[in-house]
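Undergrad: For reference, the structure I am asking about is given below.
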Amino acid sequence: MKKMREKPKYSKSENIFNIFNVILMLFLLIVTLYPLLFSLFASLSDSQQLARNFGSMLFWPLGFSLDAYRAVIAFPLIRTGLSIAI
């Protein structure tokens, strides 16, 4: 029969370090991820509602609009740049 491995025992200082490390990594994840989500939510938001709430934090899109994406696709130089990149 195989002997089951025991879970390693950590010292008090190692436990404190592990807890601090998890908290720090979660903080860094949030600080890194929020600007990306903000850009996505702002691009999907209605421009008038976004202008009314200028400077506020976004946790979801305000209204829903694809006008920003339509404006980018309609811009002729975007298509030129995309054709060069491909």
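Undergrad: Looking only at region 62-75, count every residue that is in a loop (DSSP other than H, G, I, E, B) and either hydroxyl-bearing (Ser, Thr, Tyr) or in contact with a helix residue (DSSP H, G or I) (Cβ under 9 Å, 6 or more places away or on another chain) (or both) and tell me the total. Please lay out each step first, then the result.
TA: The first filter runs over region 62-75 and keeps only residues in a loop (DSSP other than H, G, I, E, B), leaving 62-66, 75.
Applying the additional criterion that residues be either hydroxyl-bearing (Ser, Thr, Tyr) or in contact with a helix residue (DSSP H, G or I) (Cβ under 9 Å, 6 or more places away or on another chain) (or both) yields 62-66.
The number of residues fulfilling the criteria is 5.
Undergrad: If I ask for residues that are of a type in the set (Phe, Trp, Tyr), farther than 21 Å from ALA71 by Cβ and over 8 Å from the mean Cα position of the chain (by Cα), which ones from region 23-44 would you list? Working first, answer last.
TA: Of region 23-44, the ones of a type in the set (Phe, Trp, Tyr) are 27, 34, 38, 41.
Cutting the leftovers down to farther than 21 Å from ALA71 by Cβ gives us 27, 34.
Selection gives PHE27 alone.
Undergrad: For region 44-54, how many residues are in a helix (DSSP H, G or I) and among the polar types (S, T, N, Q)?
TA: In the first step, residues of region 44-54 are kept if they are in a helix (DSSP H, G or I); the result is 44, 47-52.
Imposing the further condition that a residue be among the polar types (S, T, N, Q) reduces the set to 47-49.
Number of matching residues: 3.
Here is a yes/no grid of residues against (1) surrounded by 10 or more Cβ atoms within 10 Å (Cβ to Cβ); (2) in contact with a Lys or Arg (Cβ under 8 Å, 6 or more places away or on another chain); (3) touching a residue at least 40 places away in the same chain (Cβ under 8 Å); (4) outside any helix (DSSP H, G or I):
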position: LYS9; (1), (2), (3), (4): no, no, no, yes
position: ASN15; (1), (2), (3), (4): yes, no, no, no
position: ILE23; (1), (2), (3), (4): yes, no, no, no
position: LEU37; (1), (2), (3), (4): yes, no, no, no
position: ALA42; (1), (2), (3), (4): yes, no, no, no
position: SER56; (1), (2), (3), (4): no, no, no, yes
position: TRP60; (1), (2), (3), (4): no, no, no, yes
position: LEU77; (1), (2), (3), (4): no, no, no, no
position: THR80; (1), (2), (3), (4): yes, no, no, no
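Values in this text are rule-based calculations from the coordinates and carry no lab data. On a predicted model such as this, the values are computed, not experimentally measured, just so you know. Virtual Cβ from ideal backbone geometry, glycine too; neighbours counted across all protein chains shown.
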